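J.: This structure is in structure tokens; I'll ask about it shortly.
The values are calculated or read from the model by the stated rules, or taken from the named source; none is laboratory data. Small disclaimer: the values here were computed from a predicted structure and weren't measured. No Cβ is skipped: glycine too gets one built from the backbone with ideal geometry, and neighbour counts run over all protein chains shown. Each accessible area value is taken on the protein alone, full model and side chains, heavy atoms only, with ligands, DNA and RNA left out. Shrake-Rupley method; radii C 1.70, N 1.55, O 1.52, S 1.80 Å.
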Amino acid sequence: MNLIWNKNRDSFAARFPSLARMFSLQIAETDTEKPVTFWTILQAKNGSVIASENGTLLHSSYDPERESRQAVQKSDFDECTAAVFYGCGLGYTPSAYAGIYPDRTIIIIEPDPGHFFAALTLLDWTPVFSCPSCIIALGCPPETVIPLIEQKGSAHSAFFSVPSQTAHAKNYFDTIKLLVERNRQKNTINNATLERFGRLWMRNSCANIKQYKILDGVKIYSGKGIDFPFTIIAAGPSLEAALPHLGEIKKRSIIVCVDTALRACLRTRIEPDFIIIADPQYYAYRHIAGLSSPSSVLITDPAVYPAVYRFPCRKIVLCSSFFPLSRWFEARLEKKGDLGAGGSVASAAWNFAYLTGSREIYTVGLDLSFPELKTHIKGSTFEQAAHSASVRTNPAESINLPALFSGGSEFGCDYTGKPVLTDARMKMFAWWFESRLSGCTDARTYTFSLKGLAIPGILSTDFDFLLSKKDISAEKENFFSQSEKNEQNSSILKFDIVFSEFTEKLTELYESAKKGKNICENALRTASDSSWNSTSSKILSQLTAVDNAIRQNSLKDTVEFILPACRQQKKKQTKQYFSEIPYKTSLTHSLSLYTELFRIVCEYRSILSKQFRI
């Protein structure tokens, strides 16, 4: 009788009862002690059990325990909170990790239950099953593994991948590695965007802060569109072919138009049911400036350019923003409805359609490429700007060239398998759709164009497929009336109280930053090498109290993301001028942070003072 297997089996069943039930057949087969056919069981020089697969050792032939401990120690880095194992061989490395870092999360990814349960027959897994935070992704599709990793964040995870331990499912693990890398790129882009547009979002959000009180959120439509097809209108070149059909498409589906495509829709005298704009830049507002769509509902972000809220339409609703100030207010008022961070405005439109309950979604103009070397539909804001700026020596064709070739251009495949020019940014958006669709298998998404970048999960179809469906104009009226029926907006009642809390916390942050700034300035002005030794303890204690007050302030996140660039810049200056005087180095660095924090809070107060008396 295999005592190790019995112990591991019971521990596994107690820790993961749902998995044990799911793989009861494989566990029963292992109970019969059938010989493992894919491994050759061997003994290491130190007497430990090891194995080889297809002639390749899974672990060290001398001391697998020491090998695993060394791998774990080499993997550690600051802010590491989790370990991800692509396969695990017999389990030496996960066991070592659990022994050295018992408080961290362990994620073991194994597509083949046979390999996993075979490992349980050979090595004691008690350290792993005793780990307070342990996740076993057993036989999971690749796309479902990514959310498990992102719970801790790939940036805070150590990754273990041994070729001999992943060779039995190489394609599977290669797919997961690719998805993890894409997710990292997405997070990098989101962080860079946050830092780049941080001040712009801050100014816009403060200017728009009253909108939380008066506007509904997109959640009022949640689940109300389950019986309706939705059509997302993007501004790719293929939209031109769809324009003659928009009238009939609107009769048979609910149209959600992105801001860049609105001008083209209105040119055909078709007003979309919904328009969506989320970019905070003034140039995004330019796409809808001067236009009007009286029968449309405008979906927008609290951080958009303020003039967006003056767009002539039937109704404006808010979606949730990932800007910290917006999150602060939503946490205290009400959730407006999340349409996802990252991706493009078209991905937010798809998320909205899915939020309403629609499971039949069509896309128009979602090319994510340059079919026939065209960048946008004719008459779009981009094209009109190019024509306006063109001169004989620099025609519109030349102006559009950077859009074609300056974004890491590369080729992909369209829906017919032919090559089509795209770039890295649009491939990232395509990947967003691919990963999102793979997790929403209850919805079908279609495209009417065969010339755009092919996105796995989006099916190609023709206009007749949608136009053959029944006219739902009357049902759409009921959809809007039921969704928008007058209900008391809870934000109206709570807003004044929440805004009072906001100004109070902002004042506290102002006083803390001002105090820290003054302490550092006085210390730098009066301290000398001899006096520093006698006053350092008092000064550090004062600064610690200031830091604790800032850290406990609920508004700290609303300014924290703006500081990193300044912090790095000030660090360099500090090293240049004060590298030989340690206490001045520390004080000067602290002074730069308090000064920048003070300046940002003053900017908040200045913007808000134009609307409120604070």
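J.: Look through Ser164, Ser222 and report the one residue that is polar (S, T, N, Q), modelled with pLDDT of 90 or more and out of contact with any helix residue (DSSP H, G or I) (no Cβ under 7 Å at 6 or more places or on another chain). Please lay out each step first, then the result.
T.: Working: Ser222 fails: out of contact with any helix residue (DSSP H, G or I) (no Cβ under 7 Å at 6 or more places or on another chain).
When all the criteria are applied, what remains is Ser164.
Conditions (1) open to solvent by 40 Å² or more (accessible area, probe 1.4 Å); (2) modelled with pLDDT under 95; (3) over 28 Å from Thr37 (Cβ atoms); (4) in contact with a helix residue (DSSP H, G or I) (Cβ under 7 Å, 6 or more places away or on another chain), marked per residue:
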| position | (1), (2), (3), (4) |
| --- | --- |
| Thr93 | no, no, no, yes |
| Tyr97 | no, no, yes, yes |
| Pro132 | yes, yes, yes, no |
| Leu138 | no, yes, no, yes |
| Val145 | no, yes, no, yes |
| Gln151 | yes, yes, yes, no |
| Ser154 | no, yes, yes, yes |
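J.: Right, another one. What about Ala241, is it touching a helix residue (DSSP H, G or I) at 6+ places or on another chain (Cβ under 8 Å) and among the small types (Gly, Ala, Ser)?
T.: Details: touching a helix residue (DSSP H, G or I) at 6+ places or on another chain (Cβ under 8 Å): no; among the small types (Gly, Ala, Ser): yes.
For Ala241, the condition - touching a helix residue (DSSP H, G or I) at 6+ places or on another chain (Cβ under 8 Å) and among the small types (Gly, Ala, Ser) - is not met.
J.: Here's a follow-up. Being in contact with an Asp or Glu (Cβ under 7 Å, 6 or more places away or on another chain) and of a type in the set (Asp, Glu) is the filter here; which residues of the stretch 246-278 pass it?
T.: Those that are in contact with an Asp or Glu (Cβ under 7 Å, 6 or more places away or on another chain) and of a type in the set (Asp, Glu): none in the stretch 246-278.
J.: Another one. Report, by residue number, each residue of the stretch 160-181 that is of a type in the set (A, V, I, L, M, F, W, C), surrounded by fewer than 16 Cβ atoms within 10 Å (Cβ to Cβ) and more than 20 Å from Thr93 (Cα to Cα).
T.: Residues of the stretch 160-181 that are of a type in the set (A, V, I, L, M, F, W, C), as a first pass: 160, 162, 167, 169, 173, 176, 178-180.
From what is left, the residues that are surrounded by fewer than 16 Cβ atoms within 10 Å (Cβ to Cβ) are 167, 178.
Once the filter is applied, which keeps residues that are of a type in the set (A, V, I, L, M, F, W, C), surrounded by fewer than 16 Cβ atoms within 10 Å (Cβ to Cβ) and more than 20 Å from Thr93 (Cα to Cα), the stretch 160-181 yields only Leu178.
J.: For the stretch 99-130, what are the residues that are open to solvent by less than 10 Å² (accessible area, probe 1.4 Å) and touching a Ser or Thr at 6+ places or on another chain (Cβ under 6 Å)?
T.: Those that are open to solvent by less than 10 Å² (accessible area, probe 1.4 Å) and touching a Ser or Thr at 6+ places or on another chain (Cβ under 6 Å): Thr105, Phe117, Val128.
J.: Also, I was wondering about something else. Test of understanding: among Ser369, Ser344, Ser320, Ser358, which residue is at pLDDT 65 or above, closer than 24 Å to Tyr212 by Cβ and not charged (D, E, K, R)?
T.: Working: Ser369 fails: closer than 24 Å to Tyr212 by Cβ; Ser344 fails: closer than 24 Å to Tyr212 by Cβ; Ser358 fails: closer than 24 Å to Tyr212 by Cβ.
Result: Ser320 is the single residue among Ser369, Ser344, Ser320, Ser358 that is at pLDDT 65 or above, closer than 24 Å to Tyr212 by Cβ and not charged (D, E, K, R).
J.: Name every residue in the stretch 20-60 that is hydroxyl-bearing (Ser, Thr, Tyr) and open to solvent by less than 40 Å² (accessible area, probe 1.4 Å), in order of residue number. Write out each step before concluding.
T.: Residues of the stretch 20-60 that are hydroxyl-bearing (Ser, Thr, Tyr), as a first pass: 24, 30, 32, 37, 40, 48, 52, 56, 60.
Thr30, Ser48, Ser52, Ser60, listed by residue number.
J.: On to the next question. Among the residues of the stretch 62-69, is there at least one that is basic (Lys, Arg), under 30 Å from the mean Cα position of the chain (by Cα) and either closer than 19 Å to Pro127 by Cα or open to solvent by less than 50 Å² (accessible area, probe 1.4 Å) (or both)? Outline the logic, then answer.
T.: If we filter the stretch 62-69 for residues that are basic (Lys, Arg), which is where we start, we get 66, 69.
Pick out the ones that are also under 30 Å from the mean Cα position of the chain (by Cα) and you get none.
No, the conditions are met nowhere in the stretch 62-69.
J.: Just checking: which of the helices (runs of 4 or more DSSP H) contained wholly in the stretch 242-349 hold 2 or more residues that are over 24 Å from Trp432 (Cα atoms) and touching a residue at least 60 places away in the same chain (Cβ under 8 Å)?
T.: Values: elements: 246-252, 262-267, 282-285, 324-332.
Ranges flagged: 246-252, 262-267, 324-332.
J.: Hey, another quick one. Considering only strands (runs of 3 or more DSSP E) fully contained in the stretch 1-110, which possess at least 1 residues that are in contact (Cβ under 8 Å) with a residue 24 or more places away in the chain and farther than 16 Å from Ile135 by Cα?
T.: Values: elements: 40-43, 49-53, 82-86, 105-110.
Because the criterion is at least 1 residues that are in contact (Cβ under 8 Å) with a residue 24 or more places away in the chain and farther than 16 Å from Ile135 by Cα, the strands (runs of 3 or more DSSP E) in the stretch 1-110 that meet it are 40-43, 49-53.
J.: Next question, about the same structure. Return the total of residues in the stretch 454-477 being closer than 14 Å to Lys251 by Cβ and among the acidic types (Asp, Glu). Lay out the reasoning, then the answer.
T.: Narrowing the stretch 454-477 to residues closer than 14 Å to Lys251 by Cβ: 463, 466-477.
Remaining after also requiring among the acidic types (Asp, Glu): 471, 475, 477.
Result for the stretch 454-477: 3.
J.: Which count do you get for residues in the stretch 221-238 that are in contact with a Lys or Arg (Cβ under 9 Å, 6 or more places away or on another chain) and either assigned to a strand (DSSP E or B) or open to solvent by less than 40 Å² (accessible area, probe 1.4 Å) (or both)?
T.: Looking only at that region, the number is 7.
J.: Then there is this: If I filter the stretch 282-314 down to residues being more than 16 Å from Tyr212 (Cβ to Cβ) and charged (D, E, K, R), which single residue comes out as surrounded by the fewest Cβ atoms within 10 Å (Cβ to Cβ)?
T.: Out of the qualifying residues, it is Arg310.
J.: Looking at the stretch 151-178, I want the residues that are more than 18 Å from Asp103 (Cα to Cα) and part of a helix (DSSP H, G or I) and have a partner that is of a type in the set (S, T, N, Q) and open to solvent by 40 Å² or more (accessible area, probe 1.4 Å) with Cβ atoms under 6 Å, at least 6 apart or on another chain. Which pairs are those?
T.: Matching pairs, first to second residue: Ser164/Thr56.
J.: Filter the stretch 418-450 down to the residues that are modelled with pLDDT under 90 and basic (Lys, Arg), then identify the one that is farthest from Gly236 (Cα to Cα).
T.: Only one residue tops the list, namely Arg436.
J.: When the stretch 548-600 is examined, which residues are found to be of a type in the set (Val, Ile, Thr) and modelled with pLDDT under 85?
T.: Initial filter on the stretch 548-600 (of a type in the set (Val, Ile, Thr)): 550, 558-559, 562, 574, 581, 585, 588, 595, 600.
Answer for the stretch 548-600, where residues must be of a type in the set (Val, Ile, Thr) and modelled with pLDDT under 85: Thr558, Val559, Ile562, Thr574, Ile581, Thr585, Thr588.
J.: Oh, and also: Restricting attention to the stretch 262-309, report how many residues are within 22 Å of Gly337 (Cβ to Cβ) and not acidic (Asp, Glu). Spell out the reasoning first.
T.: Step one: filter the stretch 262-309 for residues within 22 Å of Gly337 (Cβ to Cβ), giving 262, 272-280, 284-285, 288, 293, 295-306, 308-309.
Now restrict to residues that are not acidic (Asp, Glu): 262, 272, 274-278, 280, 284-285, 288, 293, 295-300, 302-306, 308-309.
Adding up the residues that qualify gives 25.
J.: Let me ask another. Those residues that are surrounded by fewer than 20 Cβ atoms within 10 Å (Cβ to Cβ), among the hydrophobic types (A, V, I, L, M, F, W, C) and farther than 21 Å from Met202 by Cβ, I need them from the stretch 315-333; list them, please.
T.: Ile316
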